[in-house]
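What follows is calculated from the coordinates using simple rules that are stated; it is not laboratory data. As the structure is a computational prediction, the values presented were derived from the model and not from experiment. We place every Cβ from the backbone using ideal geometry, glycine too, and count neighbours over all the protein chains shown.
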Amino acid sequence: MVASGRRQRGELELWRQLTQLTSVLSSSLDKRLTRQHGVSVSEFTALSTLAEGGSDGVQMQELADSIGLNQSTVSRLVARLETSGLATRAVSERDRRCTYAMITERGRTIVDEATGTFQKEFGTALDIAAFDERTAPLVARLRHDPTT
């Protein structure tokens with residue numbers, strides 16, 4: 001029973017580290033991407049997912065699952081991307097219940113331009129988090145490669 005209690009505290013601490021790290025990384029990425037490219041980190045993530053999808057686009061539910069947001073939130077996010085000319089939506093001709101989102105050329109340009117910014121900012125933010133006592137243990141675990 002004692003080992004189980006320690007494990008639960010360990011898992012709770014890991015959860016706290018994860019939420020703290022996610023918050024720090026999201027905030028840092030959001031500021032940089034918005035300032036330099038005019039898109040939020042959620043919009044960039046959605047656009048990146050759409051860029052990886054086929055020419056038919058990505059079903060809205062699949063997009064929601066892929067980026068970790070609920071379908072309602074993704075619907076609003078894609079509406080913003082449509083308004084900005086970065087994505088479009090279309091109802092499936094095979095199944096009228098399904099809506100697909102597709103990236104536009106302008107959206108693809110944003111992804112191409114912002115990917116380097118994302119990678120650099122993510123690395124920098126992770127480096128900083130590695131020295132924060134609240135997140136350092138998790139960063140060390142994430143960066144650990146058992147194959148080396």
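With the structure loaded, tell me whether residue 106 is closer than 26 Å to residue 39 by Cβ, of a type in the set (D, E, K, R) and in a helix (DSSP H, G or I) or whether it fails that test. Against the criterion (closer than 26 Å to residue 39 by Cβ, of a type in the set (D, E, K, R) and in a helix (DSSP H, G or I)), residue 106 qualifies. For first residues located in segment 108-134 and free of Cβ contacts under 8 Å to residues at least 40 places away in the same chain, partners that are among the aliphatic types (A, V, I, L, M) and loosely packed, with under 14 Cβ neighbours inside 10 Å and lie 6+ apart or on another chain with Cβ distances below 8 Å form the pairs 130/140. If you go through segment 24-54 and pick out every residue that is part of a helix (DSSP H, G or I), polar (S, T, N, Q) and without any contact (Cβ under 8 Å) to a residue 60 or more places away in the chain, you end up with 6. In segment 86-105, what residues are surrounded by 12 or more Cβ atoms within 10 Å (Cβ to Cβ) and either among the aliphatic types (A, V, I, L, M) or closer than 16 Å to residue 40 by Cβ (or both)? Scanning segment 86-105 gives 86, 87, 90, 101, 102, 103. Of all residues in segment 109-140, those satisfying the criterion of being of a type in the set (D, E, K, R), within 20 Å of the chain's Cα centre (by Cα) and exposed (fewer than 15 other Cβ atoms within 10 Å of the Cβ) are 112, 113, 120, 127.
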